[in-house]
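What follows is a single structure, written as structure tokens, with notes after it.
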Amino acid sequence: MLRYLITLQAPDRKGLVEQIAHAVSRHGGNWLDSELRHIDGIFAAIILLEIPSMRMDELIEALECIDNLSLTYAKTSVAQKPIKRLTYSLVAYDRPGLVLDISNRITALGINIEQFSSQFETAGHTGIALFRATIGLGLTDLAQEDQLVQSLYSLGDDLVLDKLSR
């Protein structure tokens with residue numbers, strides 16, 4: 001059994017996840033991990049599968065038969081595990097380049113961004129445009145946690161950072 005990361009994109013419609021799951025199951029695949037989202041009418045998915053290597057080509061052909069579905073895939077390998085995982089919630093006034101600023105600060109400390117989910121919203125009481133993100137991080141050194149918090153807070157007085165996990 002080999003592991004593959006598959007990314008899928010299609011106009012969203014009812015039954016799409018069921019079609020994908022059926023194809024994976026029919027070809028002997030095991031659905032290990034996934035993120036599925038509906039964004040502006042588009043279904044987007046990232047799925048980690050374990051599947052017999054001789055069945056992968058058949059699975060790709062089956063997925064390509066699903067109407068308007070585009071996909072990419074790559075064989076994966078097990079990565080080195082971080083010594084600590086943390087999840088943060090971040091809120092700041094929305095502005096161009098904010099994701100770049102956040103990712104630059106995190107990468108400069110040698111921290112891996114393992115998960116990043118963001119939303120744009122308007123504050124109900126003021127109408128101010130807000131950026132919200134949930135960020136999952138893999139640390140390789142315990143000292144990185146304090147450095148990270150200081151670095152992110154230096155982005156501006158409008159930034160609110162909450163630790164969600166330890």
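The values are calculated or read from the model by the stated rules, or taken from the named source; none is laboratory data. Keep in mind the model is a prediction, meaning the values are calculated, not measured. Note that we place each Cβ from the backbone using ideal geometry, even for glycine, and neighbour counts take in every protein chain shown. Ligands, DNA and RNA are stripped out before the accessible areas are found, and what is left, the full protein with its side chains, is counted by its heavy atoms. Shrake-Rupley method; radii C 1.70, N 1.55, O 1.52, S 1.80 Å.
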Conditions (1) out of contact with any helix residue (DSSP H, G or I) (no Cβ under 8 Å at 6 or more places or on another chain); (2) on the phi < 0 side of the Ramachandran plot; number of the one not met by D40: (2)
Tally of residues being among the small types (G, A, S), in a helix (DSSP H, G or I) and within 16 Å of the chain's Cα centre (by Cα) across segment 90-118: 1
Residue pairs meeting the criteria (Cβ under 7 Å; at least 6 apart or on separate chains; first more than 22 Å from V17 (Cβ to Cβ), in segment 47-59; second open to solvent by less than 70 Å² (accessible area, probe 1.4 Å)): P52/G28; S53/L2
Residues located in segment 3-20, provided they are over 16 Å from T72 (Cβ atoms), open to solvent by 40 Å² or more (accessible area, probe 1.4 Å) and touching a residue at least 12 places away in the same chain (Cβ under 8 Å): P11, D12, R13, V17, Q19
Output for segment 151-165, where each listed residue is in a helix (DSSP H, G or I) and either open to solvent by 20 Å² or more (accessible area, probe 1.4 Å) or without any contact (Cβ under 8 Å) to a residue 60 or more places away in the chain (or both): S151, Y153
Check on T87, surrounded by 13 or more Cβ atoms within 10 Å (Cβ to Cβ), modelled with pLDDT under 95 and either within 30 Å of E145 (Cβ to Cβ) or under 17 Å from the mean Cα position of the chain (by Cα) (or both): no
Qualifying position, being at pLDDT below 95 and more than 18 Å from the chain's Cα centre (by Cα), among L63, L69, L59, L2: L2
Failed item in (1) open to solvent by 80 Å² or more (accessible area, probe 1.4 Å); (2) closer than 22 Å to L2 by Cα, with A23 passing the rest: (1)
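Let's see how each residue does on (1) open to solvent by 50 Å² or more (accessible area, probe 1.4 Å); (2) in contact with a His (Cβ under 6 Å, 6 or more places away or on another chain); (3) under 23 Å from M1 (Cα atoms):
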| residue | (1), (2), (3) |
| --- | --- |
| G29 | no, no, yes |
| M54 | yes, no, yes |
| L69 | no, no, no |
| T72 | yes, no, yes |
| K75 | yes, no, yes |
| A92 | no, no, no |
| I111 | no, no, no |
| E114 | yes, no, no |
Pick from segment 96-127, criterion modelled with pLDDT of 95 or more and of a type in the set (D, E, K, R), ranking: nearest to D141 (Cα to Cα): R105
Extreme residue, farthest from I83 (Cα to Cα), among residues of segment 128-148 that are among the hydrophobic types (A, V, I, L, M, F, W, C) and surrounded by 14 or more Cβ atoms within 10 Å (Cβ to Cβ): L130
